[in-house]
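Please treat every number below as a calculation from the coordinates, not as lab data. Everything quoted here is computed from the prediction, not taken from an experiment. Glycine gets a Cβ as well: all are built from the backbone with ideal geometry, and neighbour counts include every protein chain shown.
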Amino acid sequence: MYRHSLLGGTPVCTNLVDNYSFEEEGTGWTIATGTIKAGDLSIPAQHEDSYVELKLYRWATSLPATSTAAEAVCTNRILNPSFENGVGGKDHWTVPSGAWVQGIDGAQTPYDGNGYMFVTLPSGWTAAFTQTLSNVEIGETYLLDLQYALGTFQNFLINKCTFTIYLDGIQQGATITPTPGPVSQWTSVVRSITVTNSAPVLSVSSSCNGGQVNFMFDGFSLVEEACL
């Protein structure tokens, strides 16, 4: 940013930005995520001896059609994570009998967007919905985050209606044992998972053996641990 003036008919340009080449470190600047570094042969400074290095990340809810796993750092690897796409909101998900995607229904409201997975469980019933993950790398560790809530029907005994997360049939963390409470009170569940094949199957299996309940699931996210 320069101020132009005339001195004896000759233009004079004055730089109004103080410490414009970061030679006085961070003086006059507020730097939230960057680091001031000295230029060297591999990364020379544009002006004088120093520059600011900024770490930038790209976030998205799904992979672009032309992207590959190698270039999709910090991208959500769950496709249709909030049940908004396809016929009945079920694109990329396999949905069992007793489960479906629905929208606002009285006090039952989504965590985000317009839809959520709704699972109704009579006593003695088990239902699992799944997604085959196609945008993951073997050996990579990811953080899975999902939201769950209870629906309006909650006639069940504590510890008798539960759900569990699996990857390729292997249980990921402890079984979740909700207790009766407010409808649509969304709660986060986080799991660290390591991928061992190129197309693992993520499964959320719900069961009830002492009463009846409605479970709701929404807002799935799967990103590399390094992104957080």
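Given 0.36 nm per residue, what is the gain on full extension from T179 to V87 after removing their alpha carbon distance, in nm? Spell out each step's value before the answer.
Working: separation 92, 0.36 × 92 = 33.12 nm, distance 3.24 nm.
That pair, T179 and V87, stretches by 29.9 nm at full extension.
The phi torsions of segment 183-197, fed into the Karplus equation with coefficients 6.51, -1.76 and 1.60 and a -60° offset, translate into couplings of 6, 6, 8, 6, 10, 8, 10, 10, 9, 9, 10, 10, 7, 10, 8 Hz, rounded to whole numbers, with Gly and Pro shown as x.
Mind ranking 106-119, 147-160 by how tightly packed they are, going by the mean number of other C-beta atoms within 10 angstrom, highest first?
Details: 106-119: 18.9, 147-160: 16.8.
Going by the mean number of other Cβ atoms within 10 Å, highest first, we get 106-119, 147-160.
How many angstrom lie between the C-alpha centres of segment 100-169 and segment 170-228? Centre-to-centre (Cα) distance: 6 Å.
Among C227, C208, C161, rank each residue by its count of other Cβ atoms within 10 Å, from fewest to most, as a rough exposure measure.
On the way: C227 13, C208 24, C161 27.
In increasing order of surrounding Cβ atoms, one gets C227, C208, C161.
Estimated from the Cβ-Cβ distance and a Förster radius of 30 angstrom, the FRET efficiency linking A107 and V190 is about 0.70.
The simple Förster model, with R0 at 41 Å and r as the Cβ-Cβ distance, assigns I158 and T27 a FRET efficiency of 0.10. All alpha carbon pair distances within segment 69-227 were sorted into 5 Å bins beginning at 0; the resulting P(r) in whole percents reads 2, 9, 19, 22, 21, 14, 8, 4, 1, 0.
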